[in-house]
Amino acid sequence: MPGYRLIYFNMRGRAEIIRYIFAYLDVPYEDHRVEQADWPKVKPALPFGKIPVLEVDGVALHQSLAIARYLTKNTELAGRTELEQCQVDGIVGTLDDFMSRFPWAEKNHEVKERAFEQLLTQDAPGLLQDLDMCLGEKEWFVGDSVTWADFYWEICSTTLVVFKPDLLAGCPRLAALQTRVRALPAIAEWIRRRPPTRL
């Protein structure tokens, strides 16, 4: 088995999908967390100066979703057929499109707060409605078993609820999916032992 070293900040953020996949597949890895004070020294040595980065036997991979696809390839987490894999990618891409609209790095507190408020109150309900229709009465988004699209939903929604606690109040099926993901034994164990962070 390759040696894995994950490099990211001490937060869930964009690395958490990688950590969920490692936890679920029971793959050992080094969870290397960079402190903000050390970031200026670490940044120049990384591909495109960004994290997360996953080192695989010393080869540096970048972009969290590309890494997630690499890790889930040839596993049922990717989807059982090529059609399911495309559906999984569609859900993940839809969620990531929305999450990427938030000005996470904005320094002006008022500007950031206004943008978050607008996205969470005006734009999120439409997205949640579409996701709810996609899920329907099924247990998982795609097929009849968990995929990394379900993981990504739990991770993204958990972050958004930090900013809007009642976000899922009108979405019982999506809230139930969030709970199902958290109840998977390997994921529950990871959540129990991961370092506590706000985001």
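Here's the picture: a label point sits 7 Å out from the Cα of S100 along the beta-carbon direction, and within region 41-73 the residues with their amide nitrogen under 14 Å of it are 63-67. Sorting the segments 15-22, 171-178 by their mean number of nearby beta carbons within 10 angstrom, highest to lowest, gives 15-22, 171-178. 3J(HN,Hα) along region 44-61: x, 8, 9, x, 6, x, 9, 10, x, 10, 10, 8, 10, 6, x, 8, 8, 9 Hz, from the Karplus curve 6.51 cos²θ - 1.76 cosθ + 1.60 with θ = phi - 60°, whole Hz, x for Gly and Pro. Based on the alpha-carbon gyration tensor of region 133-199 and its eigenvalue square roots a ≥ b ≥ c, which shape applies: rounded if a/c is under 1.5, prolate if not and a/b is larger than b/c, or oblate? Taking the square roots of the gyration eigenvalues as a ≥ b ≥ c, region 133-199 is oblate.
Shape analysis of the chain based on the Cα gyration tensor places the equivalent ellipsoid semi-axes at 26, 23, 15 Å, largest first.
Note down the net charge around Y8, summing +1 for each Lys or Arg and -1 for each Asp or Glu among other residues with Cβ under 13 Å from its Cβ. That sum, taken over residues with Cβ under 13 Å, equals +2.
Label positions at L199 and Q36, each projected 7 Å from the Cα along the C-beta direction, are separated by 1.0 nm. Restricting region 71-107 to GluC sites (Glu not before Pro) that sit in a DSSP loop and have at most 16 other Cβ atoms within 10 Å of their own Cβ leaves E106. In terms of accessible area, using a 1.4 Å probe and ignoring ligands and nucleic acids, C156, C134 rank largest first as C134, C156. Do you know the Lys pair count in the chain for C-alpha distances under 29 Å, with sequence separation 8 or more or different chains? Close lysine pairs found across the chain: 14.
When DSSP beta bridges are limited to those with both residues in the chain, what percentage is antiparallel, rounded to the nearest 5? Walk me through the numbers before you get to the answer.
On the way: 8 of 13 bridges.
Antiparallel bridges: around 60 percent, rounded to the nearest 5.
Test of understanding: express the Cα radius of gyration of region 75-117 as a ratio to 2.2 N^0.38 Å, with N the residue count. List each step's numbers first, then the result.
Values: Rg = 15.9 Å, N = 43, 2.2 N^0.38 = 9.2 Å.
Relative to the 2.2 N^0.38 Å estimate, region 75-117 comes out at 1.73.
Quick one: compute a quarter of the convex hull surface over the Cα atoms of region 39-124 and quote it in nm².
Numbers: hull surface 31.5 nm².
Averaging across all directions leaves 7.9 nm² for the Cα convex hull.
Per-residue SASA remark: M133, around 140 Å² accessible (1.4 Å probe; ligands, DNA and RNA not included). Calculated accessible area for region 60-199 comes out at 54 Å² per residue, all protein chains present (probe 1.4 Å; ligands, DNA, RNA ignored).
Carbon-plus-sulfur fraction of the accessible area of the chain, 1.4 Å probe, in percent?
Numbers: 5770 of 10740 Å².
Roughly 54 percent, rounded to a whole number.
The values are calculated or read from the model by the stated rules, or taken from the named source; none is laboratory data. Note that the coordinates shown come from a computational prediction; the quantities given were computed from them, not determined experimentally. Every residue, glycine as well, gets a Cβ built from its backbone with ideal geometry; the counts of neighbours run over all protein chains shown. SASA here: full protein model, heavy atoms, side chains in, ligands and nucleic acids out. Shrake-Rupley method; radii C 1.70, N 1.55, O 1.52, S 1.80 Å.
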